[in-house]
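The values are calculated or read from the model by the stated rules, or taken from the named source; none is laboratory data. A quick note: this is a predicted structure, and the numbers were derived from the prediction, not measured. All Cβ positions, even for glycine, are placed from backbone atoms using ideal geometry, and neighbour counts span all protein chains on display.
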Amino acid sequence: MNFKKIIPLLAVVVLLLGVIGGCSSKSGGSNGKTVIEIGSQSPLSGGSATLGDAIRLGAELAIDDQKAAFAKKGFTIKLNYVDDQGDPKKGVANAQILASDKDVLALVGHLNSGVAIPSSEVYEKNNLPMVSPATTATDVTDRGLKTVNRICARDDFQGPAGANYAVKTLKAKKIFVIQDKTAYGSGLADQFRKQAKKLGAEIVGYEGITVGEKDFNGVLSQAMTKKPDLIYFGGVYAEGGLIIKQARQKGFNGPIMGGDGLDSSSTVQIAGDAVKGVYLTSVAGDVTKTEKGQEFAKKYKDKFDKNVESYSAYGYDAAGVILKGLMNAINDNDGKKPSREQVEKAIRAVQDYDGVTTKVSFDDKGDNKFAKVYIYNFEQAKYPPVQKAEISQ
Amino acid sequence: MLAHILQNLPQVLIDGLTLGVVYAVVAIGYTMVYGILELINFAHGDVFMTGAFIGAIVLFLLMGMGFLSAMPALIVFLIVIVIAAIATGMLGVGIERVAYRPLRRKNAPKLIALITSIGISFVLEDAVRFIAELKTGNYIVTAPSMFNHKFNVDVHSVIPFFNNATFQASFLLVLIVTVVMLVSLDLFVNKTKWGMAMRAVAQDRDTASLMTINVNRVISVTFFIGSALGGATGVLFMIQYGTIDPYIGFILGIKAFTAAVLGGIGNIRGAMFGGVMLGLLEMFAAANLSVITHGAMGAEYKDVFAFIILILVLIFKPEGLFGKAVVEKV
């Protein structure tokens, strides 16, 4: 066999080996106990993998912590995590798979509102309750689905809170708004713009960029001629980091503000020193502020050898709420495995759950009554940023 | 309105030129291969991306060994760009050997080669993504910042209705290196024996082979040069923008291909001109579109604007701007 035939053959063999290796079989080993799985969907690969992975690991830690309690009742709980790639199509496909698995009784997810909205239609049909640690778009809960809950704040709270801080505390009078044309980015930027206008600030520009590009000099040149006091960016860190960096290169020294999409160590990594003076609103609180949080951060570091990200604790608490609801459902069902409908009702009924980072009580739409928005500032080029303010509803 | 556009102009020219020369060099890779094989090598954008990643890896390795602090940044940069260019050049030759040559030998229709090139493009993207993700699970790679000294161009004091412009040292680097690459390529094609062989193969492959030109070797050399230039540009891109991911080659490749068509595909000088023109148009649109249209269309429509210009050019000059001016195709 000659050389040029061997190469494609090798390629095919390697590919097949990879596929076979990837399909490791599900191990049994439940020791006669009933298995209950908690699903998890977040982007584990791709641009926002840092945030998605934090959610998964947080949920895993919560399940590990409560394994023993469930084992006593005769149940083995497991995390069944899948990668939604931050892609709505993938999210819906995964949702179908999870929904058809009868062992899966509830789900932690998603990170992206754009993925959560279509996927939750599938959950609703299958009565599979979901608790989201991070989706902030108003439409996630405003559709009034029985299965959809979230423990973080909404965009119509986050955006205006950012605007209040920008106009009242940072005294910005001329604001240039950039958004990334996604459901999340433009939703947040719209809410910000509305409130900033109401407070009397002048919006000197409102421009969109394309996700995936690296050169935003054009938009920023335009911004520079308008001489704004503050630039607001609605979007995620992959573009946000570059916008921060390129704006500083153009000589913009004023504050740059963004939403929770910038709340990641990758923002600092991409923007480097330019990140100083960047403000962000986040629905995630700084866990290292409380004793409980520090303990959590330590446990997390010990187990996964990674530092906590903003959403690690939210992944943990989202899973915690689910497990509490699940436990209640088991108790109400005389210690037998509850149905999805029972779990769904039990989770919505959770009141005053005290997690590591937030208290949780759901209202009738599935929003958390105790959700807060936090304002952060990068004073140094390192993550996490310094918490400046905490705003309750 | 005009005042605003004029004020901005120096900055727009600088930014547009940066983007434009990157497009120009990548466009050359498309145009050279097309000139010789009449094949649109869609994998070329991803060869560019692979070059950026190889450059990043070499840079991190050198940094790990402490070279970055021990040597002037310029020398480190030269080492990185040369290694990346040679590696991507080999990659280009390899792609041609494995994917295109067997098809050519069997006289497969050109469409098959085109589809193959799209396939190669996906393979490269995902292979690089897989490798980049291995360590951190995050495929966005941030290169250490080099050449970030800032320059201020005081246009305002010379011509008062312009605003001042700023650029980074990396802009000069990108500009100088690409111009050197473009000029030396032009000399290579027009003045050397290999260049003459390439032009001969482009004009008529069968006749060229009768004149004792080794056609397959000429094709390999073409792929090597095109890919090496693309890979080197990837390194420049990484240094200019600081952040790379496995999908930068897609959009950029399409735009570079457009630039090649704009200049007249198959024509090297046309590709250079087309690239610079597309970069300038795009940056101009991003900076001024909302002023021109009074806010009806924002910066997000910059690509639409650039492509409308492209379509207009092609309506009146379907062979591209330089398509007929030069008879030879390479």
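Restricting attention to segment A:203-242 and to residues that are hydrophobic (A, V, I, L, M, F, W, C) and facing chain B (nearest Cβ under 7 Å), the residue that is nearest to B:Tyr241 (Cα to Cα) turns out to be A:Leu242. Consider segment A:158-202 and keep the residues that are within 11 Å of another protein chain (Cβ to nearest Cβ), within 20 Å of the chain's Cα centre (by Cα) and outside any helix (DSSP H, G or I). The one that is modelled with the highest pLDDT is A:Gln179. Among the residues of segment A:243-290, those that are within 14 Å of chain B (Cβ to nearest Cβ) and among the polar types (S, T, N, Q) comprise A:Gln246, A:Gln249, A:Asn253, A:Ser264, A:Ser265, A:Ser266, A:Thr267, A:Gln269. Could you tell me whether segment B:160-173 includes any residue that is of a type in the set (Val, Ile, Thr) and away from chain A (no Cβ under 14 Å)? The answer is no, given that none of the residues of segment B:160-173 is of a type in the set (Val, Ile, Thr) and away from chain A (no Cβ under 14 Å). Where in segment B:100-181 are there helices (runs of 4 or more DSSP H), lying wholly inside it, with at least 1 residues that are of a type in the set (Gly, Ala, Ser)? Correct list: B:110-136, B:155-158.
The one condition from (1) away from chain A (no Cβ under 14 Å); (2) over 30 Å from A:Ala271 (Cβ atoms) that B:Gly231 does not meet is (2). The residues in segment B:37-67 that are under 17 Å from B:Ala228 (Cβ atoms) and surrounded by 24 or more Cβ atoms within 10 Å (Cβ to Cβ) can be counted, and the count is 13. Could you look through segment B:280-319, keep only residues that are touching a residue at least 60 places away in the same chain (Cβ under 8 Å) and closer than 14 Å to B:Ala259 by Cβ, and pick out the one that is nearest to the other protein chains (Cβ to nearest Cβ)? Per the stated criteria, the residue is B:Met283. Among the residues of segment A:37-77, write down those that are within 14 Å of chain B (Cβ to nearest Cβ), of a type outside the set (A, V, I, L, M, F, W, C) and not in a loop (DSSP other than H, G, I, E, B). A:Ser42, A:Thr50, A:Gly52, A:Asp53, A:Arg56 - these are the residues of segment A:37-77 that are within 14 Å of chain B (Cβ to nearest Cβ), of a type outside the set (A, V, I, L, M, F, W, C) and not in a loop (DSSP other than H, G, I, E, B).
Among the candidates A:Ile231, A:Ile209, single out the residue that is closer than 17 Å to B:Ala287 by Cβ, in the same structural domain as A:Ala163 (by TED's automatic domain parsing) and touching a Lys or Arg at 6+ places or on another chain (Cβ under 9 Å). Break it down stepwise before answering.
Details: A:Ile231 fails: touching a Lys or Arg at 6+ places or on another chain (Cβ under 9 Å).
Testing whether each residue is closer than 17 Å to B:Ala287 by Cβ, in the same structural domain as A:Ala163 (by TED's automatic domain parsing) and touching a Lys or Arg at 6+ places or on another chain (Cβ under 9 Å) leaves just A:Ile209.
Annotation: B:Ile120 fulfils all but one of (1) in contact with a Ser or Thr (Cβ under 9 Å, 6 or more places away or on another chain); (2) at pLDDT 90 or above; (3) surrounded by 15 or more Cβ atoms within 10 Å (Cβ to Cβ); the unmet one is (1). When A:Lys90 is tested against (1) surrounded by fewer than 21 Cβ atoms within 10 Å (Cβ to Cβ); (2) under 30 Å from A:Lys299 (Cα atoms), just one condition goes unmet, and that condition is (2). Can you find a residue in segment A:86-104 that is within 14 Å of chain B (Cβ to nearest Cβ) and assigned to a helix (DSSP H, G or I)? Within segment A:86-104 (the criterion being within 14 Å of chain B (Cβ to nearest Cβ) and assigned to a helix (DSSP H, G or I)), the answer is no, since none of the residues qualifies. Applying the criterion of being aromatic (Phe, Trp, Tyr) and in a helix (DSSP H, G or I) to the residues of segment A:309-331, the residue that is nearest to the chain's Cα centre (by Cα) is A:Tyr314.
Just checking, does segment A:110-133 include any residue being in contact with a Leu (Cβ under 8 Å, 6 or more places away or on another chain), of a type outside the set (A, V, I, L, M) and under 27 Å from A:Ile231 (Cα atoms)? Within segment A:110-133, not a single residue is in contact with a Leu (Cβ under 8 Å, 6 or more places away or on another chain), of a type outside the set (A, V, I, L, M) and under 27 Å from A:Ile231 (Cα atoms).
Please indicate, with yes or no, whether at least one residue in segment B:258-270 is crowded, with 22+ Cβ neighbours inside 10 Å and either facing chain A (nearest Cβ under 8 Å) or touching a Lys or Arg at 6+ places or on another chain (Cβ under 6 Å) (or both). Taking every residue of segment B:258-270 in turn, at least one turns out to be crowded, with 22+ Cβ neighbours inside 10 Å and either facing chain A (nearest Cβ under 8 Å) or touching a Lys or Arg at 6+ places or on another chain (Cβ under 6 Å) (or both). Within segment B:66-78, does at least one residue satisfy the condition of being under 19 Å from B:Asn148 (Cα atoms), modelled with pLDDT under 90 and within 14 Å of another protein chain (Cβ to nearest Cβ)? Taking every residue of segment B:66-78 in turn, none turns out to be under 19 Å from B:Asn148 (Cα atoms), modelled with pLDDT under 90 and within 14 Å of another protein chain (Cβ to nearest Cβ).
If I ask for residues that are among the hydroxyl-bearing types (Ser, Thr, Tyr) and over 18 Å from B:Ser227 (Cβ atoms), which ones from segment B:157-202 would you list? Reasoning before the result, please.
Filtering segment B:157-202 for residues among the hydroxyl-bearing types (Ser, Thr, Tyr) gives B:157, B:166, B:170, B:178, B:184, B:192.
If the condition is that a residue be among the hydroxyl-bearing types (Ser, Thr, Tyr) and over 18 Å from B:Ser227 (Cβ atoms), then B:Ser157, B:Thr166, B:Ser170, B:Thr192 are the ones that fit.
When segment A:139-157 is filtered for residues that are in contact with a Lys or Arg (Cβ under 8 Å, 6 or more places away or on another chain) and either surrounded by fewer than 24 Cβ atoms within 10 Å (Cβ to Cβ) or not in a helix (DSSP H, G or I) (or both), the ones remaining, listed by number, are A:Thr141, A:Asp142, A:Gly144, A:Lys146, A:Asn149, A:Ala153. Under 26 Å from B:Thr50 (Cα atoms) and in a helix (DSSP H, G or I): does that describe B:Gly253? It is true that B:Gly253 is under 26 Å from B:Thr50 (Cα atoms) and in a helix (DSSP H, G or I). Among the residues of segment A:125-144, those that are in contact (Cβ under 8 Å) with a residue 60 or more places away in the chain, over 12 Å from A:Asp260 (Cβ atoms) and touching a strand residue (DSSP E or B) at 6+ places or on another chain (Cβ under 9 Å) comprise A:Leu128, A:Pro129, A:Val131, A:Ser132, A:Thr141.
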